[in-house]
1. Using 0.36 nm per residue of separation minus the Cα-Cα distance, give me the extension gain between THR76 and THR116 in nm, one decimal.
2. When GLU133, GLU123 are ordered from fewest to most other Cβ atoms inside 10 Å of their Cβ, what list results?
3. Any idea what the relative contact order of the range 1-109 is, in percent, if you count C-alpha pairs under 8 Å spaced at least 6 apart?
4. So which lysines can LYS120 reach, going by Cα to Cα under 28 Å and dropping same-chain residues fewer than 8 places off?
5. Give me the number: length gained by fully extending THR7 to SER44, i.e. 0.36 nm times residue separation minus the C-alpha to C-alpha distance, one decimal in nm.
6. Which distance in nm do the two modelled labels at ALA150 and LEU192 give, with both placed 7 Å along the Cα-to-Cβ direction?
7. For the range 24-181, with equal point scatterers placed on the C-alpha atoms only and solvent neglected, what are the log10 I(q)/I(0) values from the Debye formula at q = 0.09 1/Å, to two decimals?
8. Rank ILE11, ILE159, ILE67 by mean-square fluctuation in a GNM of the chain with C-alpha springs under 10 angstrom and give only the top-ranked residue.
Amino acid sequence: MNIQPGTNERIRLRNQTVLSDNWYTLRKITFDYQRKNGTWETHSREAYDRGNGATILLHNPAADTVILTRQFRLPTFVNGNPTGLLIETCAGLLDDEHPDAAIVRETEEETGYRLTAVQKVMEAYMSPGSVTERLFFYLAEYSAATERRAGGGIGEEEIDVLEMPLTEALGMVTTGQIQDGKTIMLLQHLRLQQLTHQPA
């Protein structure tokens, strides 16, 4: 990703240095920042660029169940998660695809479900203090009749596909069994959507 100047006149980019590009790209960026009192200061920050991504929650309205995944996440393992296993919504990087197309591909790879329609619900920067990634959030319906292949990831990925009642998943947020931010956001969004459309 080439750093662009942007439209904020209080920011002047001075220099960027690639610190690592072994997996994704870590840059040190030096910039001038104009404070509200008019004075200018020079700052240096590091930004980790792993590309943008998309995530989706599959929901069966008739059964009120959801599809989640479980896989090993090293950063959680080294920061307090004893098993390193994380329950989360299906997600993946865009890889230069449009988010709508990328999430349909990722859903089939991870869960096996072949989707024909998805609903975009929001976009969010998930860790803006250090990571450039913007995440696109989706909902989609599934049923027992939805075409499905094996799922479980491809290549070196080892992914468990979980189906559970929405109420159980929300309870797991409360108990700490689900700690993934994007998953919590989508589960709560779905529940709020249900409450909004309940008859008075």
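1. Details: separation 40, 0.36 × 40 = 14.40 nm, distance 3.31 nm.
The span from THR76 to THR116 would gain 11.1 nm if fully extended.
2. Working: GLU133 18, GLU123 12.
Lowest to highest Cβ neighbour count: GLU123, GLU133.
3. On the way: 166 pairs, mean separation 18.8, N = 109.
The normalised contact order for the range 1-109 reaches 17 percent.
4. LYS182
5. Details: separation 37, 0.36 × 37 = 13.32 nm, distance 1.93 nm.
Residue separation times 0.36 nm, minus the Cα-Cα distance, leaves 11.4 nm.
6. In this crude label model, ALA150 to LEU192 measures out at 3.9 nm.
7. -0.37
8. ILE11
Values quoted throughout were computed directly from the atomic coordinates according to the rules given, and no laboratory measurement underlies them. The shown structure was predicted, so the numbers you read here are calculated from the model rather than taken from an experiment. In this analysis, Cβ positions are derived from the backbone assuming ideal geometry, glycine residues included, and neighbour counts consider all displayed protein chains.
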